[in-house]
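Notes follow once the structure below has been shown.
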Amino acid sequence: MTWNKPPAGVAVAVDASDTDHARLRELGYKQELKRHLSVLSNFSISFSIISVLTGVTTLYNTGLTFGGPATMTLGWFVAGAFTMAVGLSMAEICSAFPTSGGLYYWSARLSGHRWAPFASWITGWFNIVGQWAGTASVDFSLAQLIQVIILLSTGGNNGGGYLASKYVVIAIHAGILLSQAIINSLSITWISFIGQFAAAWNMLGVFTLMFAVPVVATERASAKFVFSHFNTDNSAGIHSNLYIFVLGLLMSQYTLSGYDSSAHMTEETKNADWNGPIGIISAIGISLIVGWGYILGITFAVKDVPYLLSPDNDAGGYAIAEVFYLAFKSRYGNGVGGIVCLGIVAVAIYFCGMSSVTSNSRMTYAFSRDGAMPFSSVWHKVNKQEVPINAVWLSAFISLCMALPSLGSLVAFQAMASVATTAVCIAYALPTLFRITLGRKCFVPGPFNLGRYGVLVGWIAVLWVATITVLFSLPVSYPVTKNTLNYTPVAVGGLFTLVLSSWILNARHWFKGPVTNLRA
């Protein structure tokens with residue numbers, strides 16, 4: 001691995017700005033966005049989107065159901081190691097092509113002239129739809145957590161507490177997105193500050209909860225239970241240990257995504273060909289460490305797995321909320337402290353959604369700049385504060401629309417949410433696949449590169465994404481009915497069909513891949 005970091009110093013920092021602009025022009029674009037982000041700011045946005053407090057909290061039920069403590073504590077590093085391989089491959093390409101378009105631009109540059117438009121089209125649409133679905137999933141999860149917080153605050157499921165209806169939940173979701181769009185309409189200076197605050201909140205929140213919850217709990221699990229207890233007692237009709245373990249990995253893989261945001265923010269990042277890649281791998285690496293600590297801390301407070309998953313408990317079956325609530329109730333006679341802990345998580349999820357909108361809008365801006373979206377001329381407009389304002393509001397609106405199926409069926413929404421994990425992972429893998437195949441001989445690495453290990457790491461990344469795409473499409477419950485069907489292959493297959501059909505019937509006649517916005 002070769003890291004040719006630019007030398008530090010004031011003079012170089014000034015030159016670096018000119019170098020960033022010149023490099024962007026080499027890639028075909030003029031500087032339209034304000035280049036204000038440092039490596040810390042770039043990292044903060046990806047770290048806030050990965051947000052272990054968001055992913056682990058949201059899918060802790062899945063982890064407990066499929067394998068339990070052993071799957072969560074050990075499976076975290078299985079998913080983490082392969083995710084790091086994906087991240088390293090992306091970081092290497094990001095260093096060579098630091099643009100807001102990120103993945104779809106990389107695919108175009110690495111697939112050769114003949115395949116560039118098609119590769120760019122497929123990658124771009126999988127990436128952008130996956131991002132929108134991710135924002136919808138994150139913010140809807142926050143709305144559901146607020147629903148649980150209100151339930152516990154008013155007496156709990158067994159004490160006459162108020163359970164908000166699905167219409168109230170979707171209204172909360174809409175309010176969340178509205179506020180996030182307003183914040184993202186501010187200048188990048190404010191976004192940078194809020195992003196760093198969000199990263200600090202996530203970090204401090206993890207350390208607070210990982211120590212406070214098990215310390216407060218009057219009963220704690222043994223180390224043997226936390227590291228080796230494998231839960232096979234599920235209502236899904238699945239008895240194969242390997243199958244159960246694989247399904248339990250979903251919690252980890254769902255959490256460890258979103259780090260492409262560092263690439264989408266490179267046109268606003270100083271020393272982009274170095275700081276963008278560092279933002280990617282540092283967000284993954286630090287998330288791995290603090291995420292494992294969070295999982296350990298919470299799981300040491302777990303005693304009765306079936307009760308935590310039961311819809312008859314005070315939190316209505318929201319396992320991690322019940323863990324917090326019981327820990328404080330057992331010590332102090334009430335669960336107020338647990339509700340405060342849930343508030344810490346809720347703020348972290350809010351920041352995750354806010355940063356997701358930031359990343360979505362930059363991807364929308366770049367994709368429309370290249371003419372790939374309907375009404376592209378509208379979405380890539382930049383206001384006086386150098387913010388792609390229309391792209392911000394479009395991203396928020398589409399994420400709201402993606403949550404509306406929850407009014408008819410949560411199964412339908414879960415199908416939509418599954419795109420957030422699978423489609424984005426596919427988009428991550430495509431440019432890497434082109435880099436190690438069609439573009440292997442012509443790829444010119446940037447300052448951050450993997451040297452002779454680039455191709456090997458690339459193949460590991462591609463094979464991992466192919467593997468999890470298949471595994472996460474398998475049934476999650478038997479017998480399979482319309483209510484238990486895993487809609488992931490349906491949702492992802494439907495997306496692929498739409499994208500491919502639009503290419504064959506229309507886009508192939510006019511979309512030529514990334515186009516320059518430079519004027520003579």
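Fully extending the segment from VAL470 to GLN385, taken as 0.36 nm per residue of separation minus the present Cα-Cα distance, adds 26.2 nm. Annotation: peptides 99-106, 455-462, ranked by per-residue average of other Cβ atoms within 10 Å with the highest first, follow the order 99-106, 455-462. Which of rounded, prolate or oblate describes segment 32-108 when judged by the alpha-carbon gyration tensor and an a/c cut-off of 1.5? The shape class here is prolate.
Once backbone amide H atoms are built at 1.01 Å from N, GLY67 has ASN231 as its partners under 5 Å, excluding neighbours fewer than 5 places away on the same chain.
Once a ≥ b ≥ c are taken as the square roots of the eigenvalues of the Cα gyration tensor of segment 206-360, is the result rounded (a/c under 1.5), prolate (a/b larger than b/c) or oblate (a/b not larger than b/c)? Cα axes put segment 206-360 in the prolate bin. The order of the peptides 186-197, 141-152 by mean Cβ neighbours within 10 Å, most packed first, is 141-152, 186-197.
If you average the alpha carbon positions of segment 276-337 and of segment 433-464, how far apart do those two centres end up, in angstrom? So the separation of the two Cα centres works out to 37 Å. Once both labels are positioned 7 Å from their Cα atoms along Cα-to-Cβ, the gap between CYS401 and PHE77 label points is 4.5 nm. Each residue of segment 453-463 was assigned a 3J(HN,Hα) from its phi angle through the Karplus curve 6.51 cos²θ - 1.76 cosθ + 1.60 (θ = phi - 60°); the sequence is 8, x, 5, 4, 4, x, 5, 4, 4, 5, 5 Hz, with glycine and proline shown as x.
Accessible area per residue for segment 42-509 is 35 Å², calculated with a 1.4 Å probe on protein heavy atoms, without ligands, DNA or RNA.
By its C-alpha gyration tensor, with a ≥ b ≥ c as the square roots of the eigenvalues, how is segment 287-376 shaped: rounded for a/c under 1.5, else prolate for a/b larger than b/c, else oblate? Judged from the Cα gyration tensor, segment 287-376 comes out prolate (a/c at least 1.5, a/b above b/c). Under a crude label model (7 Å from the Cα following the beta-carbon direction), how far is CYS442 from SER240 in nanometres? Roughly 4.2 nm, to one decimal. This model, with +1 at the C-beta of Lys and Arg and -1 at the C-beta of Asp and Glu, gives the chain a dipole about its Cα centre of some 1000 debye. List the residues, sorted by chain then number, that are 5 or more residues from LEU37 or on another chain and whose placed amide H is less than 5 Å from its amide H. Result for LEU37 returns THR269, LYS270. For segment 85-91, putting each phi into the Karplus relation 6.51 cos²θ - 1.76 cosθ + 1.60 with θ = phi - 60° gives couplings of 5, 4, x, 5, 5, 5, 4 Hz, in residue order, rounded to whole numbers and with x for Gly and Pro. Entry note, the chain: the mean residue ellipticity at 222 nm calculated from DSSP H runs of n ≥ 4, each adding -39500 (n - 2.57), is -23000 deg cm²/dmol after division by the residues and rounding to the nearest 500. When peptides 338-348, 463-473 are ranked by their average number of other Cβ atoms within 10 Å per residue, the highest-first order is 338-348, 463-473.
Considering every alpha-carbon pair of segment 230-318, the percent of pairs per 10 Å bin, from zero through the bin containing the longest distance, is 13, 29, 29, 17, 11, 1.
Taking N as the residue count of the chain, its C-alpha radius of gyration divided by 2.2 N^0.38 Å amounts to 0.95. Projecting the Cα atoms of PRO445, GLY458, LEU103 onto the charge dipole of segment 42-509 (Cβ charges, centred on the Cα centre) puts PRO445 farthest toward the positive pole. Measuring nothing but how far apart in sequence close Cα pairs (under 8 Å, 6+ apart) lie, relative to its length, the chain scores a relative contact order of 33 percent. A simple spin-label model places pseudo-atoms 7 Å from Cα toward Cβ; at ASP304 and PHE375 they are separated by 5.4 nm.
In the chain, the portion of solvent-accessible area held by carbon and sulfur atoms comes to 68 percent [1.4 Å probe, whole percent, DNA, RNA and ligands not counted].
The values are calculated or read from the model by the stated rules, or taken from the named source; none is laboratory data. These numbers were taken from a predicted model, which means no experiment stands behind them. Cβ atoms come from the backbone with ideal geometry, glycine included; neighbour counts cover every protein chain shown. The accessibility values were calculated without ligands, DNA or RNA, using every heavy atom of the protein model including side chains. Shrake-Rupley method; radii C 1.70, N 1.55, O 1.52, S 1.80 Å.
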